1. Near the amide H of residue B:284, under 5 Å away, which other amide H atoms are found, from residues 5 or more places off or on another chain, if H is placed in the peptide plane?
2. Pop the C-beta distance of residue A:318 and residue B:240 into the FRET formula with R0 = 60 Å and round what comes out to the nearest 0.05.
3. Scan chain B and note any complete DSSP helix (H) whose C-alpha atoms cover at least 30 Å along its axis and whose Kyte-Doolittle average is 1.6 or more.
4. As a test of reading the structure, rank B:162, B:248 by solvent-accessible area (1.4 Å probe, protein chains only), most first.
5. Would you give the gap between the C-alpha center of the range B:1-63 and the C-alpha center of the range A:126-155, rounded to a whole Å?
6. Largest first, how would A:91, B:415 line up by accessible area (1.4 Å probe)?
7. Output ³J(HN,Hα) for the range B:143-150: one whole-Hz value per residue in order, computed from phi by the Karplus curve 6.51 cos²θ - 1.76 cosθ + 1.60 with θ = phi - 60°, and x for Gly and Pro.
8. Which FRET efficiency value, to the nearest 0.05, is calculated for residue A:249 and residue A:19 with the Förster distance at 41 angstrom and r the Cβ-Cβ distance?
Amino acid sequence: MGLKTYLAKRIIYTLVLVFFVLTLNFIIFELLPGQASTIEAITGKGSRVSQAQIQAIENQYGLNQPLYVRYYKYMYNVLSLQFGISLRTQHSVLQDLISFLPNTLVLLGASTILAVVIGIGLGMLSAYKRGGALDTSSVVASLTTFSLPTFWMGLLAILIFSYTLNILPSGGNEPAFWAYNPPHNLLTIVSTQIQYAILPVAVLTLFQYGFYVLLTRATMLETLNEDYITTARAKGVSERNVLVKHAFKNASLPLVTSVALAFGGILGGAIITETVFRWPGLGFWTFLSIQFRDTPVLQTIFYLGAMGIIIANFVADILYGLIDPRIKYG
Amino acid sequence: MSARRAALDFQWRRFKGFLKQFGKSKRAIIGIVVLVFYVGFALVAPFVTPYDPLYSNFLAGEFAKPTWLSGLPGGSSLSQNMQLFSTPGFSSPSSLQDQGWNVTQSPAGAFVVHYNKTQSAALPNSTLANTGSEEIDYSRTAGSPAPGVAIITISKSFVWPYSGSPWRFAGSLELLMSELQGVNAVKGDVFISSLGLPLPIYNVTLDRSLFGEAISPGFSLDSHSSNVKQLYTPSDPAQYIFLGKGAYAYGVQFTVPDDNQAVSVGVKLFLTDLNLRLYGTSFGLLGTDQYGRDIFSQLAWGTRVSLLVGLVASVVAVAIGLAVGLVAGYLGRVVDEVLMRSTDLLLVLPGLPLLIILAALLGPSIWNVIAILALLGWPGFARIIRAQVLSIKERSFIEASKAAGSGVSHVITKHVLPNVMGLTYVNLALSVPTAIVTEASLAFLGLRDPNVISWGGMLNDVQGTGNVASWWWVLPPGLSIALLSLSFILLGYALDEILNPRLRMRR
């Protein structure tokens, strides 16, 4: 099978997944709550509604239309990025999304890069010095960060660095007074924002890095036993080059896919981290919407999350096919 | 019969061998010890916690600190709960003396105070409604000299032993006027005297409109009520009145304005439930939350929730995964394709957002959360089992069994299943912490059952009330989640090493 067929297959599979997620989203949000609670959500809880009002709402929102018409309309809206109006802010969901998304991208980007670099570095070193003090301690540390709940790590970080040591802000992404008195000095802006980002980025990094340490360690242990490593050493290649050029290059393949697979978990970590630190990103938006039962927003976030995972998996599949010459595109 | 006996014997020996190896594993021992501790904690929760974790508000002041903090530096100003009487009300002729009330009057002998068994000042639905009350009579016949004003004070002194103020005080008093003759009104003042100086907290003018009516000021005698706060703005009444260790008194004073010698005067008052409660700024082992509920009780009862959610959700999830994996792996072909594609679809969904949405739409009752966790937790495990089954079904003992005429269900239950049980136990142990942490995360995000207190919900309270600096409130629930999860992880790894011998060789 050639690269083209492989690509075509992956694309079709991805489209099927997208279709499935969209349909599930429709089922969860349009069918699961039922007609009565949809009307209640629109009119407000516990208010008395006349039969005529119910009729009017049903007409307006198309609740009395046959299922396939509603399904078609829903598909059309989602694919044309019309997510409706947020019940909480009364803005269009897309407008709110645009204001929250950049903050999440900053947080996710910074922490993922840090976690990958630290995780792979530590993983390589612990595999190289297997059984040593570094190996033991980094494995134990990774397992510990696995079992600690993320939100509690966040609360601890605030307790220690904001309240006890009083060196870092406890939440938000900029001082409150910037809203009416914005600073003009670029250096102040950048340095202050970095201060606000340190704790959330650190917590989300801690949330992720253990996974990479354990994975890198495991794959490195396997490759370090291969014959070509012995050959490289026999040739007199420096230990550093053996480790990086020969062992890690081959061990890095599974890492590519696992980064993509980890995306869903990272999304959950981001929701919690942002909530703890009131970091105004998608996660904090989710939290605010939960309190408000703001279904259009929750629907959008679920849709975006699922799309993110599907796209990440697709990219990983393609990358994997390109990097590893042994893959026979099947 | 003897074959069966032999089989049992074999199982028993195998189990003993397992226990022996289990006992050698350091991880297993640590895991078991932690787990047993928490299971024990969950079991004894009703006995070690005298307070209801959810419905016992105002055990002390809100956000009270742990009492043992008073022994540490900076904790010297913490106070504890105190009340004048545990059984309030005047219910016997000697109550006034027994309870230590001081009665002073001017002019001397103007009032007669005695216990009245039949008349109560309490509201009809009060517990004190039938216990009688203290009667205060004032009378003067027309023509005898009028004193101008006649005053009676009933008060009780007490010693406040703490150098800090209470968080809040709440007085109580029930009053009834049944006779008012010759004067327009009687003034009643409730006060706390602070180091000798009487400070008002409530006053009432008893005129004709209140005649014969039980008066229960209730919350108006509370330092958190607006009328008391107003008297001491900008200070907090409790802090203004209680300045530290020393002698204080609580009482009520009645003033009869008797200055018209020509008329005869008669006043009859009934009085009961005169009491004062002081809410401390420290309470119990771990203090109190934003409603004054005991945090230690919440920690103990939260153990039950975490164990329940973790165990039930993961047992159900593992059972589903086992069934799907066995069927898909053994039957293969169309069944395999359909089941595995569905697990793929479930695996691609974003876990936490989906959980959040389902919990928000279905309502976050604890059983809903368990059901959602169980129904979404199986796909990964189903794939592991399927892979294992694929390799097992090619082995010769399966062939032999098939050749002997065994049906599909017999082969699966008698030959395949026993060979994947090791994997199942390991995954069961490893999926409990996921369920525990996920439930805690949902509760932390506010998706919590209002009728259940869980560790995640406690941390939601900490965050929601902005009390992250209260480390005695932050650390216990978080540490408990971590330790309980870790105990299952350790158990899982230990089981893994024992039940999957190939791993043992590699490590």
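The values are calculated or read from the model by the stated rules, or taken from the named source; none is laboratory data. What you see is a predicted model, and the numbers here were worked out from it, not measured in a lab. Here Cβ is always computed from backbone atoms with ideal geometry, including for glycine, and neighbour counts include all displayed protein chains. All accessible areas refer to the heavy atoms of the entire protein, side chains included, with ligands and DNA or RNA removed. Shrake-Rupley method; radii C 1.70, N 1.55, O 1.52, S 1.80 Å.
1. B:67
2. Values: r = 72 Å, r/R0 = 1.20.
Using R0 = 60 Å, I get an efficiency of 0.25.
3. On the way: long enough: B:2-24 (33 Å, -0.80); B:26-48 (32 Å, 2.09); B:295-331 (53 Å, 1.82); B:417-444 (39 Å, 1.18); B:471-499 (41 Å, 1.41).
Span-like helices here: B:26-48, B:295-331.
4. Values: B:162 55, B:248 5 Å².
My answer, sorted largest first, is B:162, B:248.
5. One Cα centre to the other: 26 Å.
6. Values: A:91 80, B:415 50 Å².
Sorted by accessible area, descending: A:91, B:415.
7. For the range B:143-150, the Karplus-derived couplings read x, 6, x, 8, x, x, 10, 10 Hz, x marking Gly and Pro.
8. 0.65
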